[in-house]
Amino acid sequence: QFPFGRRLPCDIYWHGVSFHDNNIFSGQVNKFPGMMETVRKITLSRAMRTMQDLFPLEYNFYPRSWILPEELPLFVAEVRVMKDSDPSWKPTFIVKPDGGCQGDGIYLIKDPSDIRLTGSIQSRPAVVQEYICKPLLVDKLKFDIRLYVLLKSLEPLEIYIAKDGLSRFCTEPYQEPTLKNLHQVFMHLTNYSLNIHSENFIHSDSVNTGSKRTFSSILCRLSSRGADVKKLWSDIISLVIKTIIALTPELKVYYQSDIPAGKPGPTCFQILGFDILLMKNLKPMLLEVNANPSMRIEHEQELSPGVFENVPSPVDEEVKVAVIRDTLRLVDPQKKKRKDAQGNICLCLPHPKGFTKFPCLYWEGMKDKQHKHHSLKLSLKLKFYLKLGLCSSPEHVPGSSESLLAERAEEVTGPRGHEAALPSLCLKQVFPKYAKQFSYLRLVDRVAALFIRFLGVKGTTKLGPTGFRTFIRNCKLSNSNFSMAAVDILYIDITRRWNSMGIDHKESGMCLQAFVEAFFCLAQKKYKSLPLHEQVASLLEFCECHLAALAERRLLWGWG
């Protein structure tokens, strides 16, 4: 234990919530800088909308969304137009607070006038989406899927998907939303944290029954009914890859800000929780992405009024233990240097008094979002440790003996290492494995690369007016029809509008989303007759060609 902070460098740093240690210069961290901000409901919706503008058919797995409060007039107008064009259309919408989690503050409405315009809407912005009214039902109940996705690397992009996940059920039989049942959260909202309070919630010792089951059990059931399970998995993999592609531009801006190129720093990886809903026709729809999915493997059971006990959850153990075990196997820093290894793998984790450093890999779970409880009971701690395959008997509990260091060194380097005894990986690589199929979608990634190139000052996330002008000049985008004065007006107008939306006022300048909008505007001016994605691709090639030529000239000048 390090009550006053970390003293020695570690191989793996396992942060509880977010990337928050600026004194890490090596090793690997289990969080990406900016991930929490990137997957917030509003930021995710903006990223998905950008991709829907470019590739509407490829990104039709995300519900139509509007951002409140700034897009409330647009929401009202668009709904009115759709109702006028189709009088039989009777939509339902779901309102989700931007920073909400575990179902907090979510409600359903039938009309834009039903939005709760309280004083908090300004201080607590939200996303309103079309509600998916025809979900797939099992046992007459609505459910969603929590899939675990490992983002192992950002550059180059490397994505793994767990072969199994969790299916989380509502606790009241589903009916299509009406004014009478809109408020029935146990019927419409699949959040585990809500439904666990229902008297109908079923804790089961089987992974095939109850209010929380394995996704594989649902797939078996669908397969027995003749459903094309292989196509369903293919659609889910496509959804995950496309979503990560939509998120990576923003992540790269945060990454270069916290870990600038050319300076010592750690590499990052992160386990994400994808919440997916299956429609009646088995089309997967993305609900949200969670930067900190719960890794609890037990639930609270009330023994007597006000007295609770932690009870192991078989379904959680089945899925989550494998995900963490195999994540650690994939990021194992000793893999490349087994022959030279003299010691053990070391993991640094959050602890009530600082950090805990053990002679072998160890997981310390958080009990709830308030982090009131800092560790599991010893029995659960040992059970989880054994499940990870990191020790073989109670004598191998972390910290039980200093001689363990020598034992672990032998196990790591010896011929009978743990790897051979562990089951096959539950994490399947999907990228770069399927990179060729999706590379055409990475246009905004290339726009972000231009944005980062002209940021100038390391550690910033906003582009100043000088940087924007330099971008225009170096890429030869100004001419008689588009003067530098027009460039300045474009910069001011777009930056002012994005800043008025409350986008990160910590530093002034043009954020990535504003730069993307400006780039799309320039592409539409220059290539008027093409579809938007071809306009953007053409302008990217134009800019990259001019920048490559400029770099070549500078190289020749340097030689001269």
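The values are calculated or read from the model by the stated rules, or taken from the named source; none is laboratory data. Treat the numbers as computed from the prediction; the structure is a model and nothing was measured. No Cβ is skipped: glycine too gets one built from the backbone with ideal geometry, and neighbour counts run over all protein chains shown. Surface areas here come from the heavy atoms of the whole protein model, side chains and all, with no ligands, DNA or RNA. Shrake-Rupley method; radii C 1.70, N 1.55, O 1.52, S 1.80 Å.
A few comments on the model shown:
- Filter on Lys180/Lys280; Lys476/Lys525; Lys252/Lys335; Lys180/Lys283; Lys140/Lys163; Lys110/Lys134 - keep pairs with C-alpha separation over 21 Å: Lys180/Lys280; Lys252/Lys335; Lys180/Lys283; Lys140/Lys163
- The range 507-521 - phi-based ³J(HN,Hα) in whole Hz, Karplus 6.51/-1.76/1.60, Gly and Pro as x: 9, 8, x, 9, 6, 4, 4, 5, 5, 4, 4, 4, 5, 4, 4
- Largest accessible area first, the listed residues Ser538, Ser529 line up as Ser529, Ser538 when surface is computed with a 1.4 Å probe on the assembled protein chains.
- Cross-link pairs Lys320/Lys428; Lys142/Lys230; Lys242/Lys528 - those with Cα-Cα distance over 18 Å: Lys142/Lys230; Lys242/Lys528
- For Thr214, the residues 5 or more places off, or on other chains, whose built amide H falls under 5 Å of its own are Ser167.
- Partner aspartates and glutamates whose Cα lies under 16 Å from the Cα of Lys212, excluding those fewer than 8 positions away in the same chain, are identified as Asp139, Asp144, Asp164, Glu172, Glu199, Asp275, Glu298, Glu300, Asp316, Glu317, Glu318.
- Local net charge near Lys252, Cβ-Cβ under 9 Å (Lys/Arg +1, Asp/Glu -1): -3
- Computed packing ranks the peptides 153-166, 195-208, 307-320, 237-250 as 237-250, 153-166, 307-320, 195-208, most packed first, by mean other Cβ atoms within 10 Å.
- 5 angstrom amide H check on Glu298, placed H, neighbours 5+ away: Ser313
- Reachable aspartates and glutamates, given that their alpha-carbon falls under 16 Å from the alpha-carbon of Lys433 and they are not under 8 places away in the same chain: Glu155, Glu158, Asp235
- In sequence order, the range 143-155 has phi-based couplings of 8, 10, 10, 9, 10, 9, 10, 9, 8, 7, 7, 9, 9 Hz under the Karplus curve 6.51 cos²θ - 1.76 cosθ + 1.60, θ = phi - 60°, and Gly or Pro positions carry x.
- Mean shadow area of the range 438-557 over all directions, Cα convex hull, nm²: 8.8
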